[in-house]
Amino acid sequence: MFLVATLKFSCNIKYKLQLLNGRGADLGSEIDEHWFSEHYQHEPADSPVDFVSRDGATILEVQAKPQGMRGLYSGLMQLAVSLSQRPEARTGVLVMDGSRISKERISNEWDELRELFAPKISKRLSMIVIRDGEHWKQRDNPSLDQLAEGILADEKLGFRKSSELRKIEQASKKAEIFKVLIVRWLMSKGPIGIGELGKHVGCSYPTVRKSLDSIPASESGLREGDISHFPKNVWQDVLTLTKSDRQSIQFVDRSGQRPNPESLIKRLDRNQPKHVAFGGVVAARRWHADFDLNGTPRIDLLVHCPNQILDISFIQKLDPALKETTDERSDDSPTLVVHPITRLEPDFTTQPNVGLPIADPVETALDLIDMGLNAQANDLFAHFRTEVRFA
């Protein structure tokens, strides 16, 4: 009776993860974002546990968002029940987020709870606790280390380093509205309704209306796309607002070797991290084949994060030698710069036979100006509209 009641209680608080089955692979494969789905499959909703290895030898109960110690109690009970029903399973592993509970308390509770079960169950129980991208385990088993790394590599499972997730302030809605209007004017996309513009940026009708009312009369036709000259006043507002609220993150190469931007570009094109696009010099060259600049001073990347949570975990996978820097006085020029973009629609463009998308011409020009390449930014705009003159 106690077991049934406990199971009912634990099912009510259980945090179920949904994961599509992945591709088959050999056990010696490299640990990447696909490793977990290659080796484990999601169990049906009525199963006591979340995942089972494809050979049936290991079962997993995942508590990515445990409600305090309840996650430990219910998770352990789920595993014990499942192990009693699966004699072929050699190991039952509780994978638990331990960011809000001390390691000592988890360890003590685990030891006491395991003693409640018969030896044929308790000796098959293991636990992995993950905190801020690191893990520790209750048993010295190399396969558990491999499993932990596979879990950390798979973003669907919800265990991420807090240092790789950044809370980003919402960009100025006025600046975002003006950016969209200038892009549409440059690319001759025609008029856009106020409601559609609000949905594109992610703001209300009154906010759009207020921003439009601030445009000088000489440029008031910008929303309809029917002005014949470059909207210098609107552009100046974009520059001013962007300078004050753009939240860029700079990375330098700490390998001790000369940075190789072309190699990084190829890797980005090949890996195509989600919600990421080239900006700056790389995007300018892809927009404008005759873009006039020797070399690539740095790589600029736009990352779409409308939820205001910037995920930079892909940087470590791209090149472990890239380290974040906040020292503006450093002699080391940034190798790569990440710029979050928070509006609802990022306006990334995917080009034929090219891997990573590119940012819109306005975001690209802002990156160039940030590097002091004002003339090149002007030339980029003039590629779309010959009448553009910044000065």
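Read-outs throughout are calculated quantities, based only on the coordinates presented, and are distinct from any laboratory measurement. Quick caveat: nothing in here was measured; it's all calculated off a predicted structure. For neighbour counting, all protein chains shown are included, and Cβ atoms are generated from backbone atoms with ideal geometry for every residue, glycine included.
Quick notes
- Placing dummy labels 7 Å off each Cα toward the beta-carbon, the span from ARG267 to ARG209 is 5.1 nm.
- Anisotropy class of region 316-379 from Cα gyration tensor, a/c 1.5 cut: oblate
- Lysines with Cα under 19 Å of LYS123, excluding same-chain neighbours fewer than 8 positions away: LYS137
- Within region 245-384: Cβ-based charge dipole about Cα centre, in debye rounded to nearest 20 (Lys, Arg +1; Asp, Glu -1): 520 debye
- Global form of region 77-180, assessed from the alpha-carbon gyration tensor, a/c cut-off 1.5: prolate
- Förster radius 41 Å - calculated FRET efficiency between GLN247 and GLU115, Cβ distance, rounded to 0.05: 0.20
- When the Cα positions of LEU239, ILE128, HIS304 are compared along the charge dipole of the chain, ILE128 comes out farthest toward the positive end, with charges on each C-beta of Lys, Arg, Asp and Glu.
- Peptide ranges 51-62, 260-271 listed from the most packed, as the mean C-beta count within 10 angstrom indicates: 51-62, 260-271
- Lys, Arg +1 and Asp, Glu -1 on Cβ, resulting dipole of the chain about Cα centre, debye, nearest 20: 900 debye
- In region 245-384, a dipole from Cβ-located charges (positive for Lys and Arg, negative for Asp and Glu) runs towards its positive end, and of THR335, SER255, LEU366 it is SER255 whose Cα lies farthest in that direction.
- Between region 298-315 and region 90-133, the alpha-carbon center distance in angstrom: 35 Å
- Cβ-Cβ distance of THR240 and LYS65, R₀ of 56 Å, FRET efficiency by 1/(1 + (r/R0)^6): the value works out to about 0.85.
- Candidate lysines - alpha carbon under 26 Å from LYS323, same-chain residues fewer than 8 apart omitted: LYS156, LYS161, LYS167, LYS243, LYS266, LYS274
- Surrounding net charge for LEU380, when Lys and Arg each add one and Asp and Glu each subtract one, Cβ distance under 12 Å: -3
- Cβ-based exposure ranking for TRP136, TRP185, in which fewest neighbours within 10 Å come first: TRP136, TRP185
- Selected from VAL201, GLY150, ILE168, residue furthest toward positive end of dipole (region 146-220; charges at beta carbon): VAL201
- GLU169 versus ARG258: modelled label distance in nm, points set 7 Å from Cα along the beta carbon direction: 4.0 nm
- Förster radius 35 Å - calculated FRET efficiency between GLN146 and VAL354 (Cβ-Cβ, nearest 0.05): 0.50
- Three-way shape call for the chain based on the alpha-carbon gyration tensor, with the a/c threshold at 1.5: prolate
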